[in-house]
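The values are calculated or read from the model by the stated rules, or taken from the named source; none is laboratory data. Just so it is clear, the structure is predicted and the values come from calculations on it, not from any experiment. Note that we place each Cβ from the backbone using ideal geometry, even for glycine, and neighbour counts take in every protein chain shown.
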Amino acid sequence: MFKIEEEQKTDYTYLGLFSGAGGLDLGFELAGFQHTESNEILEYAATTLKNNKPEWTVICGDVREYTPTFKKGLDVLLAGFPCQGFSLGGNRNEEDERNTLYREVIRIAKYMQPRMIVMENVLNLRTMVHPDTGKSFSQQISDELSAIGYSTKFDFFRVSEHGVPQTRRRFIFVAFKGEVLKTFRFPRPSKDTTIKNFIYDLGQDLSIKLPNHNPFWGFKSYAHTETGEEIDKSEISIPVRLSRTASEGNPIRDFDSPFPAIDTATVWGWAKGNVTAERIVKDRTEGAMFVRNPESEAKLWRIHASKIRPFTAREYARLQTFPDDWVFYGNNKREFQLQIGNAVPVIFAKKIAMKIKETLEVLDGKAEYLIEAGEQTCLF
């Protein structure tokens with residue numbers, strides 16, 4: 001069973017907006033924070049939150065119509081607002097109406113007056129330009145927070161350098177009521193985290209019983225081929241990319257590197273026995289199946305193996321560092337992958353939370369500010 005160590009409980013509180021399947025919220029609880037409320041618009045994601053944490057107050061509904069019932073003394077407001085309009089994996093459209101949902105965070109912050117705000121999104125927030133002001137969205141958000149009395153510190157992170165076995169990059173805002181706090185520092189990067197300790201066991205042993213995990217060999221595909229060839233007993237299952245076959249990267253992965261970023265669309269899986277991958281020119285003549293661009297000359301990856309199967313929801317969840325006892329609810333595979341792919345990796349969320357807690361404890365006289373090796377005394 002994959003678990004994450006839970007820190008000692010504190011009196012510090014948090015409230016979650018755009019909570020999704022709970023990655024950011026859960027990370028803060030594991031760091032010792034007390035949950036107050038979570039708001040999430042998708043009913044199946046709200047069901048995931050409610051069933052995993054029946055003691056939580058979860059409000060399912062549009063954030064634009066949401067006013068928290070918890071009013072006094074909130075320490076931290078969390079918000080992983082939608083990234084689809086900013087993301088390279090989405091439509092990257094500055095006019096996308098979801099891009100303005102950060103203003104709901106500002107509205108609720110103005111109402112709640114939390115001591116700190118943590119906002120999470122994709123890296124492109126720092127370069128995409130606001131259509132009304134011409135500023136980057138990161139600067140625009142900082143300016144609007146400043147207008148209600150908050151100063152901000154923001155940075156981007158490659159989460160494989162923070163205990164998560166994938167190369168996903170995230171952008172984090174931390175806002176402080178009043179002046180930027182010299183006692184706050186983001187977590188420092190370490191060496192890359194590899195995937196072996198997270199999914200190797202699930203790939204080799206199909207008898208492991210876990211929630212959201214029902215693995216079986218067999219993958220119907222016009223692109224890849226299950227040959228049925230005899231398998232050498234020494235061969236192991238290897239992770240492979242089964243979709244986006246025009247990608248430049250080789251679809252066969254190893255266990256000694258971080259995984260590519262888990263998203264809401266790419267299909268990954270396992271191949272076992274006589275595994276090969278080659279790039280071929282697709283038949284794009286009239287009558288060929290699934291020809292989206294008949295003018296393209298791109299070569300497409302084709303995998304051949306004795307056996308092929310797609311990842312289960314649990315295997316995706318492991319790569320997002322959700323504990324094995326965190327169960328996902330939904331009506332189909334798409335709803336599972338949307339929840340998992342859109343989540344903040346739990347281990348990364350906890351690392352951010354620990355730095356927030358460290359700052360609050362220094363402010364409240366519960367701990368001393370310790371200068372780390374190589375740290376400048378006037379970082380902020």
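Assorted remarks:
- Of all residues making up segment 45-77, the number that are of a type in the set (S, T, N, Q) and not in a loop (DSSP other than H, G, I, E, B): 4
- Residue within segment 153-165 that is without any contact (Cβ under 8 Å) to a residue 12 or more places away in the chain and in the same structural domain as Thr359 (by TED's automatic domain parsing) present: no
- Selection from segment 248-265 of residues that are surrounded by 15 or more Cβ atoms within 10 Å (Cβ to Cβ), assigned to a loop (DSSP other than H, G, I, E, B) and out of contact with any Leu (no Cβ under 6 Å at 6 or more places or on another chain): Pro251, Arg253, Phe255, Ser257, Pro258, Pro260, Ala261, Asp263
- Residues in segment 45-62 that are buried (at least 22 other Cβ atoms within 10 Å of the Cβ) and among the β-branched types (Val, Ile, Thr): Thr48, Val58.
- Which numbered condition Ala21 fails, given (1) of a type in the set (Gly, Ala, Ser); (2) crowded, with 18+ Cβ neighbours inside 10 Å; (3) within 19 Å of Arg103 (Cβ to Cβ): (3)
- For segment 207-229, filtered to residues that are aliphatic (A, V, I, L, M) and touching a helix residue (DSSP H, G or I) at 6+ places or on another chain (Cβ under 7 Å), the residue that is surrounded by the most Cβ atoms within 10 Å (Cβ to Cβ) is Leu210.
- Identity of the residue in segment 24-44, outside any strand (DSSP E or B) and of a type in the set (Asp, Glu), that ends up surrounded by the most Cβ atoms within 10 Å (Cβ to Cβ): Asp25
- Members of segment 36-62 that are over 23 Å from Asn331 (Cα atoms) and touching a Leu at 6+ places or on another chain (Cβ under 8 Å): Thr36, Glu37
- Strands (runs of 3 or more DSSP E) wholly inside segment 101-206 that include at least 1 residues being modelled with pLDDT under 95 and surrounded by fewer than 18 Cβ atoms within 10 Å (Cβ to Cβ): 150-158, 169-177
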